1. Take chain A, mark every one of the trypsin sites (Lys or Arg not before Pro) that falls in a DSSP loop and has at most 14 other Cβ within 10 Å, then report the longest stretch left between them, sites excluded.
2. With every protein chain present, what accessible area does residue B:84 have (1.4 Å probe, heavy atoms only), rounded to the nearest 10 Å²?
3. Rounded to whole Å and ordered largest first, report the semi-axes of the equivalent ellipsoid of chain B derived from its Cα gyration tensor (root of 5λ).
4. Give the carbon-plus-sulfur fraction of the accessible surface of the stretch B:53-118 in %, rounded to a whole number; probe 1.4 Å, heavy atoms of protein chains only.
5. What residue among A:125, A:98, A:13 has its Cα farthest toward the positive end of the dipole of the stretch A:2-355, where the charges are +1 on Lys, Arg and -1 on Asp, Glu, each on the Cβ?
6. Compare the Cα positions of B:125, B:71, B:14 along the charge dipole of chain B (+1 at Cβ of Lys, Arg; -1 at Cβ of Asp, Glu; about the Cα centre) and return the one farthest towards the positive end.
7. What residues does the stretch B:43-76 have that are buried by at least 40 Å² of accessible area in the full protein assembly compared to the chain on its own, 1.4 angstrom probe?
8. Might you report the magnitude of the Cβ-based charge dipole of the stretch A:197-356 about its Cα centre, with Lys and Arg at +1 and Asp and Glu at -1, to the nearest 20 debye?
Amino acid sequence: MTLVLGATLVLAALAAAAGRASPAFLHAWLLAWLLWLGVALGALVFLCIHHLVRGRWGATVRPLLAAMTRTLPLLALLFLPIALDLAVLYPWTDLEWLQAAPLRAAKAAYLDADFFLARAAVILVVWSVLALRLARPGRRRPGLAALALVVFFATVTIAAVDWILSLDPDMSTSAFGLALATGDAVAGWSAVVIAVALVHGRSAHAPLVVPERAQQLGTLLFAALMLWGYIAFTQYLLVWGADLPREVGWFLPRLHGDWGRVAWSLVGLHFAAPFVLLLQRPIKRSPARLAAVAALLLSMHYVELLWLVVPSRGLPLGWLDLAVPLGLGASWALAVAVLLGRGPLIGLPEEDIDRV
Amino acid sequence: MNGLRGLLAEFAGADDVLAATRAARRAGYVALEVFSPYPVEGVAEALGFRTRLAWVTFVAGLLGGAAIFLFQGWVHAIDWQLDIGGRRSFAAPAFIVPTFEITILAAALATVFAMFVKNGLPRLHHPLFAVPAFERASQDRFFLFIGADDPRFAESTVRAFLGSLAPLEVHDVSR
């Protein structure tokens, strides 16, 4: 644990130094951090659901869910490079720019650097504490899990608005946090499914996952996908219906030109194709095939993040936007592996949460 | 013997009936049915149960969704055009939510009614109901039924076979 913590601090320091030297790196770091933070948050959400409703699916993936959830405090530390150079990322740190338009000026009290950092600190600490308590082995904690879900869905709106939407402060939409959180749930569960397919049947600590159980994991992926699709589309529909210039203005660059093609790829590859694939039992009942669909969903979740972030920043897409998330992802997977340690990788039904 | 519709073995637990079903399949019986108070995982596979109901669900969902989408298009773009905030009359984004809902409704209704038809419902009586113990199939007992229409059915051998599976009791089901 000390080793992982030390490695995380070194990584944060290196990223902060690189971010100071290169704005492109810092922008890529924000994307990478949002991606893997989202994956860990998705794991936290499913861990809460298992604490609340139990079920054999949860016993199977509990060790993986717990290890992924326990990376949240580490990811919280990796916010430091962003916190140290806010001005590079967020245009509202420039007071003159903020006062130039009346709508932005009205948001000046909220878009204050110190207030922003305080909000981020509180949110990340609260998430980390909840994550560590829920990831502990042992008894079921339905009360704490319910509290954690309420707190998470209340705070994720603030987090999403602060960290992503404030890149373009003219936009406001109340569904943004929920749309991001459900997308994170898809990404987190996809990571779990991929991990299951990689390790199951490989050792005594990772028994084979039977088709019935794989089907349950696939059904949950399908459910998370449906929820994300519904909320993400509803957000668009409400903006389309109201047709207010300040909201439509945020969507316009994302629906025309190259980003418009990306938007259609989200419809096709983040929703329609996985939807049709996950309807099929032969795919859901095979961990390997299910993991292929999950890999598509995890990749498309990152494409969605690019689609949300890049049109709002001054910088075009660069190779760092691919390299940094991959690098952070490898480090994150390594941290998960270390946190799993020598314990079980895949749980057995008789090891369900109440019987430990 | 002529009056027999089949034999019914009664078990106390889900695992017992599952093991019995697998044994009956291994013994070559095909006219099998399992009755249990709740769905027992693995029984459908043990019975070799196959159904095309999923296709009914899928096709009905597609047809229902397409119908309501096109219907909305016809109403708004052809039959009764209204200028709503200057948007084009074929307002596809606005049609999506009803399309989603009706897809689910059509798929669900078609599945339920196709299931009724395939199961021969509605039906007021079945010979199984004449067995008094069968009432507990909806409470706490698990039953394996071997029908007399099975090509390998011979009363004495089937009775001995079911007896060898350690049931609580073997009941006669008359026509």
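The values are calculated or read from the model by the stated rules, or taken from the named source; none is laboratory data. Model, not experiment: these values are computed from the prediction. Glycine also receives a Cβ, built like all others from the backbone with ideal geometry; neighbour counts cover every protein chain displayed. Accessible surface areas use protein heavy atoms only, side chains included; no ligands, DNA or RNA. Shrake-Rupley method; radii C 1.70, N 1.55, O 1.52, S 1.80 Å.
1. Looking at chain A, A:203-341 is the longest stretch - no exposed trypsin sites (Lys or Arg not before Pro) with at most 14 other Cβ atoms within 10 Å.
2. Here the accessible area works out near 100 Å².
3. Rounded to whole Å, the semi-axes are 51, 15, 14.
4. That share works out to 79 percent.
5. It is A:125, whose Cα lies furthest towards the positive end.
6. Of B:125, B:71, B:14, it is B:71.
7. B:45
8. 340
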